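Computed from the coordinates by the stated procedures, all read-outs in this text should not be read as laboratory data. Computed from a prediction, not measured in an experiment: that's the story for all the values here. Heads up, the Cβs are rebuilt from the backbone with ideal geometry, glycines too, and the neighbour counts pull from every protein chain shown.
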Amino acid sequence: MSETRILTLVGSLRAGSINRRLAEAAVQTAPAGVDITIYEGLGEIPFYNEDLDVPDAVPAQAAALRAAVAAVDAVLLVTPEYNGTLPAVLKNAIDWASRPYGAGAIKGKPVAVVSASISPNAAAWAHGDTVKSVGVAGGVVVESAHAQFATIGERFAQTHPAEDAEALTQLGATVHELVAAVNGTLITA
């Protein structure tokens, strides 16, 4: 059996963000045979513009993202909630990965969404908008692989999510379900 490769895109660009730390904790939950990589450089990708998306002239940063998404078996998105929705940087990554229309790098890939917010709603709006965007972009949303974290400013103020047993359990379950979707062993109701 070959290794399952998962690419993680984090919607917060802040180096010390809790969403970033959740992604780091998810990496730690990877079982043997699963490689989870956090993508670096989302902030350098220009906003999607069809005038830039021309054969042999796609901006290098966007081409690198597309290649990274194309090279993996699944995608894990970690999103905060900005003004009631997903951050522009994450939406932009989804847009670039969805093109060319009908044949984008994300098409047919299992995708899980982890959302986290300082509010009690656990970034539910960002979560929903991310799921919608991924589905429209052609990704295969794995509903059972989602995780949502509320009041993260309090919960993780003194503790990295990797030191929180409940968070690790939730993230580990998310990774497990995503891998099951890749391997075709996901059981749906």
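Applying the Karplus parametrisation 6.51 cos²θ - 1.76 cosθ + 1.60 with θ = phi - 60° to the phi angles of region 151-157, what ³J(HN,Hα) value in whole Hz is obtained for each residue in order, glycine and proline being reported as x?
Couplings: 6, 5, x, 7, 4, 10, 5 Hz.
Hey, what number do you get for the chain at 222 nm if only DSSP H runs of n ≥ 4 count, each worth -39500 (n - 2.57), divided across all residues, to the nearest 500?
Here the helix-only value at 222 nm equals -11000 deg cm²/dmol.
Pick out which of A23, A32, A162 has the largest mean-square fluctuation in a Gaussian network model of the chain, springs linking Cα atoms closer than 10 Å.
A32
Work through the residues other than A150 whose Cβ is under 14 Å from its Cβ and net out their charges, Lys, Arg +1 and Asp, Glu -1.
Result for the neighbourhood of A150: -3.
Rounded to the nearest 5, what % of DSSP beta bridges with both residues in the chain are antiparallel?
Just about 5 percent of them are antiparallel.
Could you grab the relative contact order for region 1-126? Cα pairs under 8 Å, six or more apart, rounded to a whole percent.
30
I'd like the FRET efficiency for A88 and A67, computed as 1/(1 + (r/R0)^6) with the beta carbon distance as r and R0 of 25 Å, rounded to 0.05.
Efficiency, rounded to the nearest 0.05: 0.70.
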